[in-house]
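Following: one structure in structure tokens, then a few remarks.
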Amino acid sequence: MDYSKVKEVNGIEHVGDVPSAKKGIIDFLSGEDRYKDSIPQDRLNSYKKGREIAVEIENILNGDQRAY
């Protein structure tokens with residue numbers, strides 16, 4: 001795997017509340033919104049940033065699969 005592609009994810013700035021961002025990552029990658037309703041309104045932006053990170057991770061992984 002070309003690890004230089006992981007640097008693309010670094011373009012996402014500060015996520016704020018890390019536990020909320022982690023829940024966003026988990027929800028996106030699992031395909032379910034299991035944790036979304038448990039996120040307080042003031043931390044919802046962190047959850048959304050987590051989902052953005054998960055999209056970037058998925059795009060990087062899908063790009064690698066196409067290369068093979």
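The values are calculated or read from the model by the stated rules, or taken from the named source; none is laboratory data. Here the structure is a predicted model, which means the values were calculated and not measured. With ideal geometry, Cβ positions are generated from the backbone for all residues, glycine too; neighbour counts draw on all protein chains shown.
Residues in the stretch 14-37 that are part of a helix (DSSP H, G or I), touching a Ser or Thr at 6+ places or on another chain (Cβ under 9 Å) and not basic (Lys, Arg) were compared, and the one that is modelled with the lowest pLDDT is VAL18. The set of residues from the stretch 23-42 being surrounded by 17 or more Cβ atoms within 10 Å (Cβ to Cβ) and charged (D, E, K, R) comprises LYS23, ASP27.
Quick one: would you say VAL6 is modelled with pLDDT under 95 and part of a loop (DSSP other than H, G, I, E, B)? Working first, answer last.
Working: modelled with pLDDT under 95: yes; part of a loop (DSSP other than H, G, I, E, B): no.
No: the conditions fail for VAL6.
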